[in-house]
Amino acid sequence: MVIRPRADIDALPRYAAGGNAGGTIRLADNEVPDGPLPSVAKAIAEAAAQANRYPEIGVTALTGRLARKLGLPGERVAVGCGSVSLCQQLVQAMCQAGDEVLFAWRSFEAYPIVTRIGGAKAVRVPLGPAHTHDLIAMAAAITPRTRLVFVCNPNNPTGTAVRREELSRFLAEVPPHVLVVLDEAYREFVTDPAVPDGLDFARIHDNVAVLRTFSKAYGLAGLRVGYMAGPAPVVDAVCKVRIPFSVNSLAQAAAQAALDAEDELIVRCAAITAERERTRAGLLASGYEVPDAQANFLWLPLGDRTTKFTEHMLANEISVRAFPGDGVRVTVGGRQENDALLEAARTFH
Ligand SMILES: *Cc1c(COP(=O)(O)O)cnc(C)c1O
């Protein structure tokens with residue numbers, strides 16, 4: 001007898017990070033180009049000096065801080081080891097074998113993986129023609145087995161966002177026992193006022209949770225910390241399935257220091273969204289189709305030319321994220337990085 005893992009886990013695709021090749025301009029993983037602010041780096045160094053101690057297990061200080069910022073009771077906020085970990089905890093907390101998790105496709109590639117790990121069944125609803133969520137089709141795809149719906153807003157990897165009215169109509173149709181998770185990892189880059197703040201919905205619906213992260217706008221992808229605002233019973237269950245101490249002490253300290261420096265970080269986001277618009281305009285001028293983007297990346301629906309484009313970029317020492325057969329996601333970097341991308345894109349035939 002050969003040792004064998006669970007058959008469904010054996011068959012699971014590996015979570016593929018963007019694949020930033022060494023020495024290239026890194027536009028594959030939706031990171032921000034700037035390192036931590038000095039005040040944040042100092043907090044990390046101070047926490048590192050205490051690394052012989054376990055982190056605070058309940059993440060109490062950071063949770064309380066976030067709750068005050070969001071204007072919610074502490075029992076409605078959970079912190080996780082990155083929001084991708086919270087996605088997995090949500091499936092574990094909500095689903096039993098055979099339950100369904102509904103999401104758009106293409107969307108965040110962690111959704112099918114965490115669904116399978118949790119023993120649930122993934123139901124994918126194709127994006128609409130403009131690369132946006134088809135919320136009407138998603139509402140129609142809810143069955144008595146549906147327990148959880150992920151709505152990634154703005155959507156990774158297409159950058160498109162659903163507007164207030166359509167989300168409102170969708171939420172009105174979802175049965176109250178189905179949890180809708182608004183994954184807002186890129187919320188800080190949204191510039192269209194018609195794109196709602198999911199927290200407004202979480203405040204009035206008992207079946208809505210919002211995911212946010214320190215990985216993107218707050219520039220702490222390497223430390224792994226994200227949070228959820230949701231219904232108290234869901235928060236409670238999500239905390240129960242969290243791996244003990246998985247939100248490490250450097251992450252807890254850095255997140256608090258980043259909240260102290262929030263104003264400065266939001267200024268950085270404005271620079272990135274300005275670069276996003278400039279880069280998009282450049283790509284449109286070169287003849288590319290580029291959907292309106294509300295995050296820190298752009299989507300190029302290149303279909304069969306995806307792999308060829310990605311190789312061309314790599315030949316120009318630029319790493320981008322390929323979804324073969326479908327398209328390419330390019331992160332908005334610093335000005336010179338985006339210029340390099342635009343130049344390379346102009347010479348792709
Ligand atoms: C990057 C991202 C996350 C957050 O990841 P972390 O685990 O917090 O680093 C969550 N959702 C989506 C859609 C993302 O793109």
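Read-outs: derived from the displayed coordinates by stated rules, not from any lab. Just so we're clear, the structure is a prediction, and the values are computed from it rather than from any experiment. Note that each Cβ is placed from the backbone with ideal geometry, even for glycine, and that neighbours are counted across all protein chains shown.
A few points about this structure:
- Pairs, first under 17 Å from M94 (Cα atoms) in segment 220-233, second near the ligand (Cβ under 7 Å from one of its atoms) and in a strand (DSSP E or B), C-beta under 7 Å, six or more apart: M228/L211
- Tally, over segment 261-317, of residues that are on the phi > 0 side of the Ramachandran plot and part of a loop (DSSP other than H, G, I, E, B): 2
- Members of segment 139-166 found to be within 25 Å of W299 (Cα to Cα) and either among the polar types (S, T, N, Q) or away from the ligand (no atom under 16 Å from the Cβ) (or both), listed by number: N153, N155, N156, T158, T160, R163, R164, E165, E166
- Residue that is nearest to R169 (Cα to Cα), among those in segment 139-159 that are among the aliphatic types (A, V, I, L, M) and surrounded by fewer than 22 Cβ atoms within 10 Å (Cβ to Cβ): A139
- The listed residues are A97, A130, and the only one of them that is part of a loop (DSSP other than H, G, I, E, B), in contact with a Ser or Thr (Cβ under 9 Å, 6 or more places away or on another chain), more than 15 Å from the ligand (Cβ to nearest atom) and not basic (K, R) turns out to be A130.
- Screening D206 on (1) closer than 25 Å to A141 by Cα; (2) within 16 Å of the ligand (Cβ to nearest atom); (3) among the charged types (D, E, K, R) shows it passes everything except condition (2).
- Taken together, R53, R106 contain a single residue that is within 15 Å of the ligand (Cβ to nearest atom) and over 16 Å from A209 (Cβ atoms), which is R106.
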